[in-house]
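Below: one structure, written as structure tokens.
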């Protein structure tokens with residue numbers, strides 16, 4: 001377990017977490033922000049769980065749990081870890097109470113995840129791709145000191161219009 005100080009801890013995702021994570025993951029109001037926008041079933045959720053727990057997995061995923069109650073409130077992780085170039089895709093959301101992203105739970109969880117990525121895994125660069133419609137994460141990444149590296153135009157079709165991809169990063173030396 002990775003211990004926080006105020007609001008959250010991070011722990012390994014357990015099989016028992018999968019139904020709740022799948023329910024949050026399938027919410028249309030969350031799903032529109034994810035790269036994989038189709039609804040998933042328990043079979044796909046189980047395959048994902050097996051993939052993140054494989055010995056050679058390039059994903060380090062965590063359950064975000066409430067500091068006081070130890071209740072599951074979200075998920076975060078470092079995905080597509082490139083060990084040669086020491087980089088990983090940064091992923092996070094808070095499903096509890098349909099929060100998605102906030103300045104309390106998500107910020108502390110991201111601080112723990114960044115520390116883990118740089119100081120435990122010895123990564124050099126954390127990055128994230130979000131869509132331009134994801135206002136909450138635009139504000140969030142600015143607040144946690146990720147840099148906006150660039151924008152790709154018309155990469156995502158949603159609600160009968162094109163949206164751009166925004167790429168953010170944080171380097172170990174930025175810490």
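No lab work stands behind these numbers, since they all come straight from the coordinates. Here the structure is a predicted model, which is why all the values come from computation and not from measurement. Cβ sites come from the backbone with ideal geometry, for glycine too, and all protein chains shown count toward neighbours.
Overview of values
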quantity	calculated
Given (1) part of a loop (DSSP other than H, G, I, E, B); (2) closer than 27 Å to residue 83 by Cβ, number of the condition residue 133 does not satisfy	(2)
Residue tally, condition within 16 Å of the chain's Cα centre (by Cα), closer than 17 Å to residue 70 by Cα and surrounded by fewer than 16 Cβ atoms within 10 Å (Cβ to Cβ), over segment 12-56	1
Among (1) within 21 Å of residue 29 (Cβ to Cβ); (2) under 15 Å from the mean Cα position of the chain (by Cα); (3) loosely packed, with under 15 Cβ neighbours inside 10 Å, the one test that residue 97 misses	(2)
Total residues in segment 151-175, condition assigned to a helix (DSSP H, G or I) and surrounded by 15 or more Cβ atoms within 10 Å (Cβ to Cβ)	1
Some residue of segment 118-130 being in contact (Cβ under 8 Å) with a residue 60 or more places away in the chain, assigned to a loop (DSSP other than H, G, I, E, B) and surrounded by fewer than 18 Cβ atoms within 10 Å (Cβ to Cβ)	yes
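A quick yes/no check of all residues on (1) touching a helix residue (DSSP H, G or I) at 6+ places or on another chain (Cβ under 6 Å); (2) within 29 Å of residue 38 (Cβ to Cβ):
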position	(1), (2)
73	yes, yes
81	no, yes
90	no, yes
96	no, yes
104	no, no
120	no, no
156	no, yes
